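The values are calculated or read from the model by the stated rules, or taken from the named source; none is laboratory data. Treat the numbers as computed from the prediction; the structure is a model and nothing was measured. Don't worry about glycine lacking a Cβ; one is built from the backbone with ideal geometry, like all the others, and counts go over all protein chains shown. These area figures cover heavy atoms from the full protein model, side chains too; ligands, DNA and RNA do not enter into them. Shrake-Rupley method; radii C 1.70, N 1.55, O 1.52, S 1.80 Å.
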Amino acid sequence: MENGGVQTFELVVKQGRPALVPPAEQTEKGLYFLSNLDQNIAVVVRTIYSFKSEQKGNEEAARVIRDALSRVLVRYYPLAGRLTISPEGKLTVDCTGEGAVFVEAEANCTIEEIGDNTKPDPVTLGKLVYDIPGAKNILEIPPLVAQVTKFKCGGFVLGLCMNHCMFDGLGAMEFVNSWGETARGLPLRVPPFLDRTILKARNPPEIEFPHHEFAEIEDISDTADLYKQEMLYRSFCFGPDKLEQLKLRAMEDGSLNKCTTFEALSAFVWRARSKALKLKPDQRTKLLFAVDGRPRFEPPLPEGYFGNGIVLTNSMCPAGELMDNPFPFAVRLVQEAVKMVTDSCMRSAIDYFEVTRARPSLTATLLITTWSRLSFHTTDFGWGEPLLSGPVALPEKEVILFLSHGKDRKNINVLLGLPAPAMKIFEDLMKI
């Protein structure tokens with residue numbers, strides 16, 4: 001269509017009728033336990049994977065992916081159930097075996113015409129993921145919803161809607177890669193370990209740490225009115241040189257003798273976002289981020305653990321201290337938050353939820369989630385690895401996502417949304 005004489009493109013997707021894909025064999029029935037770590041992140045995550053092969057068209061794509069889904073659900077049978085509330089008032093899965101929701105669709109264009117799908121775009125990319133009509137809460141959305149959209153170029157996009165309470169990024173990656181291995185007739189490289197009771201709360205619970213990630217912070221900022229303005233979504237690429245420069249800046253005053261890429265980049269965007277939102281100096285601001293607890297538990301969680309093995313850790317600081325102190329100060333705050341994640345701290349967090357049923361507060365908070373170490377780009381259903389993969393949207397306005405990028409995966413894309421005035425300031429602060 002035309003807009004002021006400028007030709008603009010609108011993606012049109014024709015969706016077929018949704019169907020249920022049950023496991024190919026009989027599976028266990030009854031209630032499936034979700035740990036307290038699963039309860040903390042009960043949000044849906046929408047992702048897309050774009051495929052195109054010069055040797056194969058897309059005519060068989062939906063059938064192959066659907067058949068493989070039926071077979072892989074035998075091993076991942078809780079994904080064929082439905083979320084419910086247990087008698088204790090917690091999320092659990094009723095393993096009904098009714099199946100995942102599957103939709104076939106067709107687009108009016110080529111994959112190339114939808115443009116850069118490496119940054120969140122809920123309006124355009126949202127058409128590539130099926131939404132359950134009329135769903136009012138996560139209990140009315142099946143744990144797994146899949147849509148295969150064929151494009152005129154012979155390529156196709158797999159759009160997924162999955163509930164984070166079923167698995168974290170590593171677990172989701174292992175599931176999607178197992179699905180691809182099943183489609184190619186291969187044995188699963190990492191079979192799922194389904195028993196989540198290894199992360200049950202202790203009896204009696206032992207709360208050994210102040211869990212500030214759950215604490216409500218008084219919001220004395222002016223961001224509420226700011227967020228009523230137009231939201232802009234941007235992607236900022238940090239190549240190896242820029243990342244190394246950040247790490248050197250973190251250690252330049254000699255107060256730190258080592259620094260990881262994640263620590264430097266997290267501190268950098270935390271400070272920049274606080275400045276862009278013009279937080280008041282005495283406004284307490286909180287940084288939340290996930291640490292992979294799998295190797296930190298004693299003993300470590302088994303390979304293929306099907307669930308959330310991540311633990312949220314945090315750092316809090318008055319915005320004035322964060323912005324006015326030298327950069328190494330912010331990096332040190334991030335490092336201290338990482339060091340807090342020990343076996344005793346993680347088990348204390350599990351017990352804390354058991355006692356309080358509290359979920360992390362996002363008031364005056366930045367939540368960083370990193371996918372930069374996840375190999376979603378290796379998923380192969382028989383059409384080769386994805387041309388592109390990524391999120392459809394950020395789950396909350398407080399979230400910033402780190403994604404690996406580039407052929408050698410050494411670049412990191414920082415994806416976020418901010419009100420237009422704040423985004424202009426943030427863009428200027430990214431010029432290092």
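Please state the relative contact order of the chain as a whole percent: Cα pairs under 8 Å, 6+ residues apart?
It rounds to 22 percent for the chain.
Take the Cβ atoms of Met340 and Lys258, set R0 to 22 Å, and the FRET efficiency comes out at 0.80.
Averaging the sequence gap over all C-alpha pairs within less than 8 Å and six or more residues apart, then dividing by the number of residues, gives segment 303-432 a relative contact order of 15 percent. When the solvent-accessible area of the chain is split by element, carbon and sulfur atoms take up 51 percent of it, the probe being 1.4 Å.
Counting charges near Lys14 (Lys, Arg +1; Asp, Glu -1) among other residues having Cβ under 14 Å from its Cβ returns a value of +1.
Could you please put Thr149, Thr182 in sequence from largest to smallest accessible area, using a 1.4 Å probe? Each step should come with its number before you reach the end.
Values: Thr149 0, Thr182 20 Å².
Per-residue accessible area, sorted high to low, gives Thr182, Thr149.
Which helices, taking whole DSSP H runs in the chain, have alpha carbons extending 18 angstrom or more along the helix axis plus mean Kyte-Doolittle at least 0.5? Result, helices passing both filters: 61-75, 327-339. In terms of the mean number of neighbouring beta-carbon atoms within 10 Å, the peptides 422-430, 388-396 order highest first as 388-396, 422-430. Here the dipole of segment 1-148 is about 380 debye; that uses its Cα centre as origin and unit charges on the Cβ of Lys and Arg (positive) and Asp and Glu (negative). Note on the chain: with charges restricted to the Cβ of Lys and Arg (+1) and Asp and Glu (-1), its dipole about the Cα centre is near 320 debye. The distance between label points at Arg82 and Arg189 comes to 3.6 nm (points 7 Å beyond Cα on the Cα→Cβ vector). Between the listed residues Cys95, Ala107, Ile132, the Cα displaced farthest toward the positive end of the dipole of segment 95-143, a dipole computed from Cβ unit charges relative to the Cα centre, is found at Cys95.
If you take the alpha carbon atoms of segment 281-432 and fit the smallest convex hull around them, that volume is 171 Å³ per residue.
Given segment 163-245, report the % of alpha carbon pairs whose separation exceeds 18 Å. For segment 163-245, the share of Cα pairs beyond 18 Å comes to 76 percent.
Taking a temperature of 20 °C and a viscosity of 1.002 mPa s, what whole-number D in µm²/s does Stokes-Einstein yield for segment 1-103 with Rh from Kirkwood over alpha carbon pairs? My calculation gives 126 µm²/s for D. Judged by the mean number of other Cβ atoms found within 10 Å, the most tightly packed of the peptides 123-135, 221-233 leads the ranking 123-135, 221-233. For Asn137 and Gln229, the difference between the fully extended length at 0.36 nm per residue and the C-alpha to C-alpha distance is 30.5 nm.
Each Lys and Arg Cβ is given +1 and each Asp and Glu Cβ -1; about its Cα centre, segment 239-345 then shows a dipole of about 420 debye.
One-quarter of the Cα convex hull surface for segment 206-308, in nm²?
If I average the Cα hull's projected area over directions, I get 11.1 nm².
Of the residues Ile400, Pro360, Asn411, the one whose Cα sits farthest toward the positive end of the charge dipole of segment 324-426, with +1 on the Cβ of Lys and Arg and -1 on the Cβ of Asp and Glu, is Asn411. Applying the Kirkwood pairwise sum to the alpha-carbon positions of the chain produces a hydrodynamic radius of 22.9 angstrom. In terms of the mean number of neighbouring beta-carbon atoms within 10 Å, the peptides 72-80, 376-384 order highest first as 72-80, 376-384.
With N as its number of residues, segment 305-357 has a Cα radius of gyration that, divided by 2.2 N^0.38 Å, comes to 1.46.
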